[in-house]
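Reading through the structure tokens given below for one structure.
The values are calculated or read from the model by the stated rules, or taken from the named source; none is laboratory data. Bear in mind that the values here come from a model prediction, so they are computed numbers and not experimental data. When we count neighbours, we look across all protein chains shown, and the Cβ atoms used for this are built from the backbone with ideal geometry, even at glycine.
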Amino acid sequence: MQSVTHIRGLIIDMDGVLWHGTEAIPGLIDFFQTLNDLDIRYILATNNASLTPAQYVSKLAKMGVSISADKILTSGLATALYLSQKVNPKATSVFVIGIDGATQPLLELGFTLTGLYEVKNDQHPDKGADIVVCGKDETLSWDKLATATLNIRAGAQFIGTNGDTTLPTEHGVTHGNGAILAGLEIATGIKPTIIGKPEPIMYQQAMTLLGTKPEETVAIGDRLETDILGAIRTGIDSIMVLTGISSEEDLKKSDYQPTWVMQDIIAITKALKEKHTL
Ligand SMILES: [Mg+2]
């Protein structure tokens, strides 16, 4: 195993690394205590665009970990930050398929959100949107899909918060945001720009927030095709934990590999305590 002594910043996935659903993964409090003791900076970065940073802060607080909201980067926030660097938010309207985690960062940065095209009543919104953002939305409806399609076909820029094809639930594996994006892509002939992992945009934003260089930054995740592939595309090292989606079997079949494989955050904590010398 290579040394972990060069690590100054970590970009850490949450679901499958820090918790399963509402259940903390063992070693959570000691892991964050160790990062603080060793002065390792971190950003918690998730493809999930449904919750806001504040909602993640309170989720962690319930598990006994106190962090500030500026350490959380969701794909919803990453999308709003990305768009605010491309266009003037005050002059830009956005139609969103998504809930708080996608809409709130856009509103906070000054974008105007447009409403639904009511297909059944044939009511047009005041003005078409300049941009369509699509993220996880459990209240997804025919009218929302129609509004997104009409706007994209009329020339709106098409953005996906993340392209996860599947979503693990207590019932089994169901459709992820990528499946909805695929439907909109077929309906419009337009490919979305995707912000979340494995595209490098969110990892690059996280590095800017950390103020670390690629060679001193490491991504931690449980999913090969998002967390690990994203790290490879961004040019940073990665640790894959085995407490989430991807298994050792998946690793054997994969064309690309993480820099390190560790059982869980307890193993990472141990490695950092033993080998980290900063
Ligand atoms: Mg995960």
Please list, ordered by residue number, the helices (runs of 4 or more DSSP H) wholly in the range 194-263 having 2 or more residues that are among the acidic types (Asp, Glu). 248-253
Exactly one condition in (1) in contact with a helix residue (DSSP H, G or I) (Cβ under 8 Å, 6 or more places away or on another chain); (2) assigned by TED's automatic domain parsing to the domain that holds THR208; (3) outside any helix (DSSP H, G or I) is not met by THR34; state its number. (3)
Assuming LEU60 fulfils every condition listed in (1) in a loop (DSSP other than H, G, I, E, B); (2) surrounded by 17 or more Cβ atoms within 10 Å (Cβ to Cβ); (3) not assigned by TED's automatic domain parsing to the domain that holds THR212 apart from one, which condition is it? (1)
Would you tally the residues in the range 21-38 being within 26 Å of THR234 (Cβ to Cβ) and modelled with pLDDT under 95? 1
Determine if the range 155-162 includes at least one residue that is out of contact with any His (no Cβ under 8 Å at 6 or more places or on another chain), farther than 30 Å from ILE40 by Cα and surrounded by fewer than 18 Cβ atoms within 10 Å (Cβ to Cβ). yes
Test THR166 against the stated conditions and say whether it is under 18 Å from the mean Cα position of the chain (by Cα), among the hydroxyl-bearing types (Ser, Thr, Tyr) and assigned by TED's automatic domain parsing to the domain that holds ALA80. yes
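Out of all the residues in the range 169-197, which are polar (S, T, N, Q) and either assigned by TED's automatic domain parsing to the domain that holds ASP15 or surrounded by 11 or more Cβ atoms within 10 Å (Cβ to Cβ) (or both)?
Answer for the range 169-197, where residues must be polar (S, T, N, Q) and either assigned by TED's automatic domain parsing to the domain that holds ASP15 or surrounded by 11 or more Cβ atoms within 10 Å (Cβ to Cβ) (or both): ASN177, THR188, THR193.
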Might you let me know whether the range 227-245 holds any residue that is more than 21 Å from LEU272 (Cα to Cα), aliphatic (A, V, I, L, M) and near the ligand (Cβ under 10 Å from one of its atoms)? yes
Given the residues THR174, THR277, THR165, which is the only one that is modelled with pLDDT under 95 and touching a His at 6+ places or on another chain (Cβ under 9 Å)? THR165
May I ask you to verify whether THR226 is among the polar types (S, T, N, Q), farther than 20 Å from HIS6 by Cα and within 14 Å of the chain's Cα centre (by Cα)? yes
